[in-house]
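A.B. asks: Once you've had a glance at the structure underneath, I'll fire off some questions.
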Amino acid sequence: MIKGIYGDPGYKLLMHIIEHGYVAEELLTHDTGIKSNEGRKILQKMSEENIVIPGKLRTQEGVLHIWKLNPPALKNLLLQRLRKTREKLVLRLNFEEENILYECPQCGRRYTLDEAYANDYVCPVDDEILVEADKSKTVEVLKELISKVDNLIKRLERV
Ligand SMILES: [Zn+2]
């Protein structure tokens, strides 16, 4: 999910912070392999969401400007995303359960009853005759996904 929000470098960066407790701006590229301007941009975005907080670390070589994790904010962000994902899945599921759907055996496109009727039950893309879609598989998959998301939410809420 972090990859979806901040991309691969963001994921790498966050994993580094989680593993080491912090990342230092001065050692960003050295420690993570991410270009420093790219890494700074991601850290900037993360700090706007409060996921990371800035700090300073005195070392023998001087003062390092570091970013530390702010776990409660990360948890909230993840929960927010998960709840949004859940809402979308439930909408999808309701749509599947409440509508008669048609499907093209050729290209797999799906149509509502109204759309199928308007096209004389023929796929406008390839002239194939539409058949009523078997929704059981899709419904099953959606229900599984929703329960997976529910589990993630429950686990995160307990952290
Ligand atoms: Zn088709």
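A.B. asks: Return the total of residues in region 9-47 being over 22 Å from LEU156 (Cα atoms) and assigned to a helix (DSSP H, G or I).
C.D. replies: Residues that pass the stated criteria total 19.
A.B. asks: With the requirement that a residue be within 12 Å of the ligand (Cβ to nearest atom) and of a type in the set (Asp, Glu), what does region 116-134 give you?
C.D. replies: Answer for region 116-134, where residues must be within 12 Å of the ligand (Cβ to nearest atom) and of a type in the set (Asp, Glu): ASP126, ASP127, GLU128.
A.B. asks: So, in region 104-117, how many residues would count as being open to solvent by 60 Å² or more (accessible area, probe 1.4 Å) and closer than 18 Å to LYS137 by Cα?
C.D. replies: So the count comes out to 3.
A.B. asks: Kindly indicate whether any position in region 50-67 is charged (D, E, K, R), surrounded by 13 or more Cβ atoms within 10 Å (Cβ to Cβ) and not assigned by TED's automatic domain parsing to the domain that holds ARG83.
C.D. replies: no
A.B. asks: Of all residues in region 5-41, count the ones that are free of Cβ contacts under 8 Å to residues at least 40 places away in the same chain and either aromatic (Phe, Trp, Tyr) or open to solvent by 20 Å² or more (accessible area, probe 1.4 Å) (or both).
C.D. replies: 21
The values are calculated or read from the model by the stated rules, or taken from the named source; none is laboratory data. If you're wondering where the values come from, they're calculated on a predicted model, not measured in any experiment. Positions of Cβ are backbone-derived with ideal geometry, glycine not excepted, and every protein chain shown enters the neighbour counts. Surface accessibility is based on the protein's heavy atoms, side chains included, excluding ligands, DNA and RNA. Shrake-Rupley method; radii C 1.70, N 1.55, O 1.52, S 1.80 Å.
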